[in-house]
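Novice: Below is the structure I would like to discuss, written out as structure tokens.
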Amino acid sequence: MLYYIIIHIVKILLIIVPLLLAVAYFTLFERKVMAAMQRRRGPNVVGFLGLLQPLADGLKLVLKETIIPSQANRVIFLLAPVMMFMLSLLGWAVIPVGEGMVFADINIGVLYLFAISSLGVYGIIIAGWSSNSKYAFLGALRSTAQMVSYEVSMGLIIINVLLSVGSLNLTEIVLSQKSIWYIIPLFPSFLMFFVSALAETNRPPFDLPEAEGELVAGYYVEYSAMGFGLFFIGENANIILMCSLTTIMFLGGWLPPFDNILFAWIPGVIWFGLKVVLMLFLFVWVRASFPRYRYDQLMRLGWKVFLPLALALVLLNAGILLAFDLLI
């Protein structure tokens, strides 16, 4: 019994420690890439080429004083960032980074991820309401409406992949792409999924909940020190999770681009990491390139453009698979 407990603890640490390092260095990656695009230097003082900057930022947040607003509901106020942080880690339990390299290879992995992402809405609502601040509450309302709206479209987009695979297991979704990655036959779905992932993670140009000019910083405006830090870690972990899910659904997961001897010697986890970094680069590129949408434009895109298009693509793909007797 003790042996199995130790094995599971080691597996959990093998997921959490690299994830926290990835979150820390994603901030540096983002700042460096944006600096290059804007002809700036970016962080380059703390450590060689600024490589210790994320550790310095983390240390600063740990050492700062946690300030709780006098009118806030203390228990719920402190619970919200912990809830967001925990939920951002739970989703990684079903993500396969290589063949057999997954904590829980369950047959309903896609449903599990949707359940976890839906629960994240509660953390945001609790944070906005418990702060007893009008700006935090407005940010929470915006973020909740945005996440719920784009989850509907994302669900319908993923159905196209599930129809092609015939399984909700993420490992089987990857293995079904040995002959062709789904980004090629389902390219419109990939584009819609990528834009929906930007909206789901509150990334520019859909960062309306954190609109600095209107709401200061959105639902976590009253948070400081590690309260803010946990929100920050949770958001960045969710961004990496969405990039990993995009890689699994459309880019063949850990599979190499061509099944020949030139690529066969590279481990699958390296291919998976490279594809996730490519998706993260696209996230940063969009942030550096596009201005923020208005809120009515954001909602119109979700409900009047993506939802009908996603429904039409589901019917079209199901019809094609049925016509050619490919539906599993």
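Novice: So how exposed is PHE194, as accessible area in Å² (1.4 Å probe, rounded to 10)?
Specialist: 30 Å²
Novice: Using protein chains only and a probe of 1.4 angstrom, how many square angstrom of ILE320 are accessible, to the nearest 10?
Specialist: Its accessible surface works out to 80 Å², give or take rounding.
Novice: Please compute P(r) over all alpha-carbon pairs of the stretch 1-117, binned at 10 Å starting from zero, and give each bin as a whole-number percent.
Specialist: In whole percents, the pair-distance histogram is 11, 27, 29, 27, 7, 0.
Novice: Give me the angle, in degrees from 0 to 90, between the Cα long axis of helix 2-37 and the longest principal axis of the Cα atoms of the chain, rounded to the nearest 10.
Specialist: 80 degrees
Novice: Could you work out which residue, out of GLU172, GLU222, GLU235, moves most in a Gaussian network model of the chain, that is, has the largest mean-square fluctuation with Cα springs under 10 Å?
Specialist: GLU172
Novice: Moving on. Of VAL276, VAL46, VAL152, which has the largest mean-square fluctuation in a 10 Å C-alpha GNM of the chain?
Specialist: VAL46
Novice: If you don't mind, there's one more thing I want to ask. What pairs from LYS134/LYS275; LYS11/LYS178; LYS11/LYS60; LYS64/LYS134 go past 31 Å between their alpha carbons?
Specialist: LYS134/LYS275
Novice: Could you work out the relative contact order of the stretch 165-317, using alpha carbon pairs under 8 angstrom and six or more residues apart, expressed as a whole percent?
Specialist: Once divided by the residue count of the stretch 165-317, the mean separation gives 30 percent.
Novice: A further question on this structure: Go through the stretch 218-224 residue by residue and turn each phi into a ³J(HN,Hα) via Karplus (6.51, -1.76, 1.60, θ = phi - 60°); whole Hz please, and just put x for glycine and proline.
Specialist: x, 5, 10, 5, 8, 8, 9
Novice: Name all residues of the stretch 97-134 having a backbone nitrogen under 20 Å from the label point set 7 Å from the Cα of LEU78 along its Cα→Cβ direction, giving them as ranges.
Specialist: 123-133
Novice: Computing the accessible area with a 1.4 Å probe over protein heavy atoms, can you report the carbon and sulfur percentage for the chain?
Specialist: Of the solvent-accessible surface of the chain, carbon and sulfur hold 72 percent.
Novice: Length gain on complete extension for the stretch LEU20 to ILE7, per 0.36 nm per residue less the alpha carbon to alpha carbon distance?
Specialist: 2.7 nm
Novice: Taking the Cα centre of the chain as the origin and placing charges on Cβ (Lys, Arg +1; Asp, Glu -1), which of VAL195, SER70, SER88 is farthest toward the positive end of the dipole?
Specialist: Final value for the positive-end residue is SER70.
Novice: Please check: in the Gaussian network model of the chain (C-alpha springs, under 10 Å), which one of PHE103, PHE85, PHE272 has the largest mean-square fluctuation.
Specialist: Comparing PHE103, PHE85, PHE272 in the GNM, the peak value goes to PHE103.
Novice: Also, quick follow-up: LYS64 versus ALA35, label points 7 Å from Cα toward the beta carbon: distance in nm?
Specialist: Here the answer is 2.0 nm between the modelled labels.
Novice: Under 12 Å from the Cα of LYS304, which aspartates and glutamates turn up, not counting those fewer than eight places away in the same chain?
Specialist: Partners within reach: ASP296.
Novice: Further question on the same structure: If you line up the long axis of helix 307-323 against the longest principal axis of the chain, both from Cα atoms, how many degrees apart are they, to the nearest 10?
Specialist: Its long axis makes an angle of about 20 degrees.
Novice: Right, something else. Any idea what the relative contact order of the stretch 1-156 is, in percent, if you count C-alpha pairs under 8 Å spaced at least 6 apart?
Specialist: Computed over the stretch 1-156, the figure is 17 percent.
Novice: Taking only protein heavy atoms into account and a 1.4 Å probe, give the accessible area per residue of the chain in Å².
Specialist: The answer is 51 Å² per residue.
Novice: A further question follows. On C-alpha positions alone, give me the angle between the axis of helix 134-165 and the longest principal axis of the chain, in degrees, nearest 10.
Specialist: That works out to roughly 10 degrees.
The values are calculated or read from the model by the stated rules, or taken from the named source; none is laboratory data. Everything quoted here is computed from the prediction, not taken from an experiment. Heads up, the Cβs are rebuilt from the backbone with ideal geometry, glycines too, and the neighbour counts pull from every protein chain shown. These area figures cover heavy atoms from the full protein model, side chains too; ligands, DNA and RNA do not enter into them. Shrake-Rupley method; radii C 1.70, N 1.55, O 1.52, S 1.80 Å.
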